[in-house]
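Enquirer: Shown below is the structure under consideration.
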Amino acid sequence: MALASTSASAPSALEVLRARYARELPARLDELTGPAHGLVELPLHLVWSGLRSFDLDRPRLRMSLYRTVLAEGLRPDLAAFLNRDLLVQQWPVLRTLISRPIREVWEEAFPELTPARAATAA
């Protein structure tokens, strides 16, 4: 009698992460109505140490804020702190700076973010 493997029924770490990020996705990119300019201070539940204030007019700081919110944010945080136009504009670089599960979940949900789609839209 063969024993059933418990590892086949347990989700992998990658699957768990993908499910976590997918749960928080907005229904549409248009829900991302965060600021496009100025100073933004993230709450402690997103950034519990280090830099919490980000100047969106400075590209490196803007990229850092987006990386943080994509990785740590819940759906209300995504809507409040991310801006649809900025996300789409900086996605080609941002996608290389975020984890694979985040990138895959966002690109599967929003095909307009995929590199091939972005190139044909330009």
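The values are calculated or read from the model by the stated rules, or taken from the named source; none is laboratory data. A quick note: this is a predicted structure, and the numbers were derived from the prediction, not measured. Reconstructed Cβ throughout: ideal geometry from the backbone, glycine too, with neighbour counts over all protein chains shown. Side chains included, ligands, DNA and RNA excluded: accessible areas come from the protein's heavy atoms. Shrake-Rupley method; radii C 1.70, N 1.55, O 1.52, S 1.80 Å.
Enquirer: Leaving ligands, DNA and RNA out of it, report the carbon-plus-sulfur percent of the accessible area of the chain at a 1.4 Å probe.
Expert: Working: 4250 of 7420 Å².
Ligands and nucleic acids excluded, carbon and sulfur reach 57 percent.
Enquirer: Among (i) 2, 10, 18, 24, 22, 14, 7, 3, 0; (ii) 2, 10, 20, 22, 18, 11, 6, 4, 3, 2, 1, 1, 0, 0; (iii) 2, 12, 23, 25, 22, 11, 4, 1, only one was calculated for this model; which label is it, if the read-out is P(r) over Cα pairs in 5 Å bins from 0, in percent?
Expert: Answer label, from the structure shown: (ii).
Enquirer: In sequence order, what are the phi-derived ³J(HN,Hα) couplings for the range 77-84 according to the Karplus relation 6.51 cos²θ - 1.76 cosθ + 1.60 with θ = phi - 60°, rounded to whole Hz, with x for glycine and proline?
Expert: 5, 4, 5, 7, 10, 9, 10, 3
Enquirer: Would you mind working out the magnitude of the charge dipole of the chain relative to its Cα centre, with +1 at each Lys and Arg C-beta and -1 at each Asp and Glu C-beta, to the nearest 20 Debye? Display every interim value, and only then the final one.
Expert: On the way: 15 positive and 14 negative charges, 49 e Å.
With Lys and Arg at +1 and Asp and Glu at -1, about 240 debye.
Enquirer: In the neighborhood of Leu56, defined by Cβ-to-Cβ distances under 12 Å, what is the net charge if each Lys or Arg adds +1 and each Asp or Glu adds -1? Could you put the intermediate results ahead of the total?
Expert: Working: positive: Arg58, Arg60, Arg62; negative: Glu41, Asp55, Asp57, Asp85.
Charge balance in the 12 Å sphere: -1.
Enquirer: Separate question: Using the heavy atoms of the protein chains alone and a 1.4 angstrom probe, what is the accessible area of the chain per residue in square angstrom?
Expert: For the chain, the per-residue accessible area is 61 Å².
Enquirer: Could you compute the net charge surrounding His37? Neighbours are other residues with a C-beta less than 12 Å from the C-beta of His37; K and R count +1, D and E count -1.
Expert: On the way: positive: Arg58, Arg62; negative: Asp55, Asp57, Asp85.
Charge balance in the 12 Å sphere: -1.
Enquirer: To continue, here is another question. Could you tell me the calculated FRET efficiency between Asp55 and Ala79, based on Cβ-Cβ distance and R0 = 30 angstrom, to the nearest 0.05?
Expert: Working from the Cβ atoms, E equals 0.90.
Enquirer: Hey, got a sec? Which trypsin sites (Lys or Arg not before Pro) in the range 16-71 land in a DSSP loop and have at most 13 other Cβ atoms within 10 Å?
Expert: Here the trypsin sites (Lys or Arg not before Pro) that fit, given the DSSP loop and packing criteria, are Arg28.
Enquirer: Once you list every other residue whose beta carbon is under 12 Å from the beta carbon of Arg67, what net charge do they have if Lys and Arg are +1 and Asp and Glu are -1? Intermediate results must be reported in sequence, preceding the final value.
Expert: Numbers: positive: Arg60, Arg62, Arg95, Arg103; negative: Glu72.
So the environment of Arg67 carries a net charge of +3.
Enquirer: Turning to a different aspect of this structure: Which cross-chain or sequence-distant (5 or more) residues have an amide H under 5 Å from the amide H of Asn83, H modelled 1.01 Å from N in plane?
Expert: Amide H to amide H, under 5 Å and 5 or more residues apart or across chains, Asn83 pairs with Gly34.
Enquirer: Let me ask another. Karplus couplings for the range 36-46 from phi (6.51 cos²θ - 1.76 cosθ + 1.60, θ = phi - 60°), rounded to Hz, Gly and Pro as x?
Expert: Result, ordered by residue: 9, 9, x, 8, 10, 10, 7, x, 4, 5, 9 Hz.
Enquirer: If I model a spin label as a point 7 Å beyond the Cα along the Cα-Cβ vector, how far apart are those points for Glu108 and Gln89 in nm?
Expert: With each label placed 7 Å out from Cα toward Cβ, I get 3.0 nm.
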